[in-house]
Amino acid sequence: MAAFCPLPVTQDLPTLRAKLQGLLRFLRDALSISNAHTVDFYTESVWERLVDLSPETVLTALKSAATARAEAGLSEARPLVESENGSGEWRPCGKGRQAEVTGLRIAPSGGSRSEPRITDFPRMFCETSQRLVNVEAFALAAKCCSIQNLGICTPLEQLLIALRGNKRQRTGMCICVCENLKPNEFMNTKKSHEVQTMSELICSIADYCGIKQVIDLGSGKGYLSSFLSLKYGLNVYGIDSSNSNTHGAKERNRKLKKHWKLYRTQSRVDANGGLALKMAKEKKVQNEMKYKADTEKVCNNNSAKQEKIPNAEMSEAARGRRRMVPQSNESNIYSPLTSFITADSELHDIIKDLEDCLMVGLHTCGDLAPNTLRIFTSKSEIKGVCSVGCCYHLLSEEFENEHKECTEEKWGFPMCQYLKEERWCCGHNARMSACLALERVAIGQGLSTESLFYRAVLQDIIKDCYGITKCNQHVGKIYSKCSSFLDYVRKSLKKLGLDETKLPENTILDYYEKYKPRRNELEAFNMLKVVLAPCVETLILLDRLCYLKEQEDIAWSALVKLFDPVKSPRCYAIIALKKQQ
């Protein structure tokens, strides 16, 4: 590993555990809100059971908090900690001192002079009923438990500067071989944003470590893998469990290579200024000469003389054009592979020429994200990891169904020792709610209250009219295809295999009218879940970071915000580098 530059200071394991403890103190009471299922909102009287406030009070308070947050710019605020004198006055964190980590030099960064912890907020939940009684304190606590305000996130810009710090003094491994290759030419805006940002970081890490091989787990359609290979010249193995994804990625990469050659040729032409115009003129002259030669050949039947003309008259510009044709470069290869990856997968069985490499993953679903980290820690060839997870609801939880027999040994959550000792469980609904996008909701995107309302009322119809209290089947994305609530109920019942003809139209509409005045309850409750979403996500990511901090052979690890959360809500990457051998 070519470690010459100091990397940003990150918080140590004891500090992270202290913040984890504060987060758990809040979530022990608040998690009941995240775990309530919207489908059962009316059938199980969720509002009356969990909230001791009017919907109007909750909505007004949350909207005021959102407005204040936007005006103060708190979404990008520096972390808040309690003052050193214990007065409880909030202040920004100070700077930490120089620290040393075996194998890497660590530069000063934004740590705090005192150990940060969550302060004691006013009582949010009733001690006897456990119902929410103070929404203002709830909103403030949720904000302070977010990743940004806990101070556990390393700025991307700071990391990139450190990785590239002395690039001029050493030979760069990952130079951009095709400056003009733009991701937005081949993918949508969201994927373009993700691929461009993440590939730039991966290239910088590979350069820093002196590595050319990259393993992309859960590579999907191969966008990131292709970009790393074509633009940055890295040798990439993209591994995905879907055979159709792998075949599609191969075809997509073949097409991208054609575009890449054109872009590379164009960039060389542009670099030579007016060469293109000069070549066009030369081509015209050549065509005229060829026409003249062919005419003389017909007239004089002197083939020997005419065979010499093309070589004799070939201009310097034409020879230059021939030199501009890009030669195939087999050193930068993208190889899509099909394999189902677990924490125990043997990479040598999948990749025959495995060497020192980086392991990366862009939005790896469910257990693949934690398994990526476990593979990284267990395989000596993997020198670094950059993983962005998603689909938290697909994680396996060790303590979720303890009464059921299970042979699972390596669970998706929890990973770190502290949460294992606490036997902490989030629950499926809480993990599902962690996928809600607070930033999108704040600007009016990402949450369809009407579709949620339709589904909750439908559940009450199913309970009353069909005697089904728990429905394990999913209705799916029917709402967007329906013209009215009546249409929605008819299509949903049919999809669920229930006889929709037994319900007259007026019965269905009566249910709609019954719950319509209570729709604001559902709206207010879902806003509470949205406010809590970053806290549950913070818990999952902090668990993974603490797991890495527990490993003895890891020199540096951090949580880094890569993407704009409005464009890409799952925007945090877990990054780690191993110690020098």
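The values are calculated or read from the model by the stated rules, or taken from the named source; none is laboratory data. Just so it is clear, the structure is predicted and the values come from calculations on it, not from any experiment. Quick reminder, even Gly has a Cβ in these numbers, built from the backbone with ideal geometry, and neighbours come from all protein chains shown. For accessibility, only protein heavy atoms count, side chains too; no ligands or nucleic acids. Shrake-Rupley method; radii C 1.70, N 1.55, O 1.52, S 1.80 Å.
Odds and ends about this structure:
- Under the condition of being in contact (Cβ under 8 Å) with a residue 40 or more places away in the chain, surrounded by fewer than 15 Cβ atoms within 10 Å (Cβ to Cβ) and within 24 Å of residue 433 (Cβ to Cβ), the residues counted in segment 452-510 number 1.
- Taken together, the residues in segment 414-456 that are at pLDDT below 90 and part of a helix (DSSP H, G or I) amount to 6.
- Residue in segment 464-477 that is of a type in the set (Gly, Ala, Ser) and touching a Gly at 6+ places or on another chain (Cβ under 6 Å) present: no
- All positions within segment 423-434 that are of a type outside the set (Gly, Ala, Ser) and out of contact with any Pro (no Cβ under 8 Å at 6 or more places or on another chain): 423, 425, 426, 428, 429, 431, 432
- Single unsatisfied condition, residue 175 versus (1) surrounded by fewer than 18 Cβ atoms within 10 Å (Cβ to Cβ); (2) of a type in the set (Val, Ile, Thr); (3) modelled with pLDDT of 95 or more: (3)
- Residues that are closer than 22 Å to residue 521 by Cβ and among the hydroxyl-bearing types (Ser, Thr, Tyr) were ranked within segment 457-483; the one that is modelled with the highest pLDDT is 479.
- The residue list 549, 567, 579 contains one member that is at pLDDT 95 or above and of a type in the set (Lys, Arg), which is 549.
- Where a residue in segment 565-577 is at negative phi and open to solvent by 10 Å² or more (accessible area, probe 1.4 Å) and its partner, wherever it lies, is in a strand (DSSP E or B) and basic (Lys, Arg), with Cβ under 7 Å and at least six apart: 572/561
- One residue from 337, 362, 347 being touching a Leu at 6+ places or on another chain (Cβ under 6 Å) and at pLDDT below 95: 347
- Restricting attention to segment 416-451 and to residues that are in contact with a helix residue (DSSP H, G or I) (Cβ under 6 Å, 6 or more places away or on another chain) and of a type in the set (S, T, N, Q), the residue that is least open to solvent (accessible area, probe 1.4 Å) turns out to be 433.
- Output for segment 225-242, where each listed residue is over 21 Å from the mean Cα position of the chain (by Cα), buried (at least 24 other Cβ atoms within 10 Å of the Cβ) and under 16 Å from residue 337 (Cβ atoms): 234
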